[in-house]
Amino acid sequence: ALARLTATLFVLVICFFVGSGVYYAVSQTGTSSQPQVPTTSTSLSIPNVPISSTTETGAVITWTTNEPATSQVEYGKTETYGSTTPLDSNLTTSHSVTLTGLDSNTTYYFKVISQDTSGNKVTSEGSLRTLAQADTTPPTISGVDFSHITESGAIITWTTNEAATSQVEYGETEECLSKTTENTKLTTSHSVTLTELDDNTTYYFKVVSKDASGNKATLAGDQPFTTKPIIPVGYEEDNRAPDFTLKDLNGQDVTLSAFRGKIVMVNFWATWCGPCKKEMPFFQAISDNWSQEDLKILAISKEGTATVFNWKNSQEEVYTFTFLLDSEGEVSELYNITEIPRTFFIDAEGIIRKIKVNSFSSQAEIEVILESLQP
């Protein structure tokens, strides 16, 4: 019985110590703190400036963020904006928002907004300009006309309500077979010169203009034009004046055709011719009264340089029109000069319109002829 009691006490002691250890171990485990999980803190940002692509009435704004976030844009015609797109709550790093219903050719200010899952918000500002409304309206052509008809050419003119190119289609039928080279200079006043036409021929034509947007307009002339018959070269009225080149008193060459576009008086004379010298003051008065852009006076003598030069310098009257020397008589023969004075009135197209044999009685007599030659 004693042995049994001793064994029981031993077991109780062992249990006491073992129980205390277990309790201690459990207590230590229950009061220890949980290990901390490392966390990262990232600041939301927009690394690049937002960019936009525009149309006439809309725009697409794109931007990126350094971590997934929402997408939204505020926008308006002023920097206070006024309009906001619906929030796109999809989290992404590549953002794209489309703006619609914008006015064309208008500047808009905008602010992009992104927010991450932690509530961090970031914004970035910018501006854009929508495209101008596309021009789809062709120019309006008016005032189509033709002028300066010769045996081989004509000038076609017209106007447009906006700046545009210039081109003419023309031919002997209304289908117009030929085209001039397009003048790409944009203008509202158009003028195209036709050349190398057949003489005494009827031509149909239409004008063509394109504006800066490429819109094309075509309009036919109200009526065709007919080139003039070839004018023969000769010394009679309504002939084309024979061309020539002579020296002036300074030894410079003077060519008749160089004065095309202005009226030319060609006077044949000599220092020994009384009537010739008598009308010289009339010529000078005419020269003083008329612009050199409108009139050229040429006085031709078969005499030598010294004779004409000395006579001119000996006169009380100062003569400023041009004296020419026909020492060989070639031009006098070309114009069939059998008596002097003789004066040829040549119009701006080089056609002899009036021949005066003998001298003029007054300046007014010359004025009447000249005025009849003006366009």
If we keep only residues of the stretch 130-166 that are open to solvent by 60 Å² or more (accessible area, probe 1.4 Å) and part of a strand (DSSP E or B), then the residue farthest from Phe205 (Cα to Cα) is Asn161
Under the condition of being touching a residue at least 60 places away in the same chain (Cβ under 8 Å) and open to solvent by 20 Å² or more (accessible area, probe 1.4 Å), which residue from the stretch 260-280 is farthest from Thr338 (Cα to Cα)? Gly261
So, in the stretch 71-104, of the ones that are in contact with an Asp or Glu (Cβ under 6 Å, 6 or more places away or on another chain) and open to solvent by less than 70 Å² (accessible area, probe 1.4 Å), which residue ends up modelled with the lowest pLDDT? Ser104
Listed by first then second residue, the pairs whose first member lies in the stretch 145-158 and is of a type in the set (D, E, K, R), whose partner is open to solvent by less than 30 Å² (accessible area, probe 1.4 Å) and not in a loop (DSSP other than H, G, I, E, B), with beta carbons under 8 Å and at least 6 positions apart or on separate chains, are Asp145/Ile156; Asp145/Trp158
Sole residue being in a strand (DSSP E or B) and surrounded by 14 or more Cβ atoms within 10 Å (Cβ to Cβ), chosen from Lys185, Lys247: Lys247
Can you go through Leu256, Leu219 and tell me which one is surrounded by 15 or more Cβ atoms within 10 Å (Cβ to Cβ) and touching an Asp or Glu at 6+ places or on another chain (Cβ under 7 Å)? Leu256
Going through the stretch 74-92 one residue at a time, which ones are in contact (Cβ under 8 Å) with a residue 12 or more places away in the chain and within 10 Å of Tyr108 (Cβ to Cβ)? Tyr75, Gly76, Lys77, Thr78, Tyr81
Expected single match for at pLDDT 95 or above, under 47 Å from the mean Cα position of the chain (by Cα) and of a type in the set (D, E, K, R) among Lys356, Lys296 is Lys296
Among the residues of the stretch 167-182, write down those that are open to solvent by 80 Å² or more (accessible area, probe 1.4 Å) and of a type outside the set (S, T, N, Q). Glu172, Glu174, Glu175, Leu177, Lys179
State the number of residues belonging to the stretch 199-231 that are touching a strand residue (DSSP E or B) at 6+ places or on another chain (Cβ under 6 Å), farther than 12 Å from Thr165 by Cβ and among the charged types (D, E, K, R). 1
Restricting to the stretch 318-354, count the residues that are touching a Ser or Thr at 6+ places or on another chain (Cβ under 7 Å) and open to solvent by 30 Å² or more (accessible area, probe 1.4 Å). 2
Before we move on, is Ile286 open to solvent by less than 10 Å² (accessible area, probe 1.4 Å) and in contact with an Asp or Glu (Cβ under 6 Å, 6 or more places away or on another chain)? no
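The values are calculated or read from the model by the stated rules, or taken from the named source; none is laboratory data. Predicted model, so just to flag it, every value in this text is computed and none were measured. Cβ atoms come from the backbone with ideal geometry, glycine included; neighbour counts cover every protein chain shown. With ligands, DNA and RNA removed, areas are computed over all heavy atoms of the protein, side chains included. Shrake-Rupley method; radii C 1.70, N 1.55, O 1.52, S 1.80 Å.
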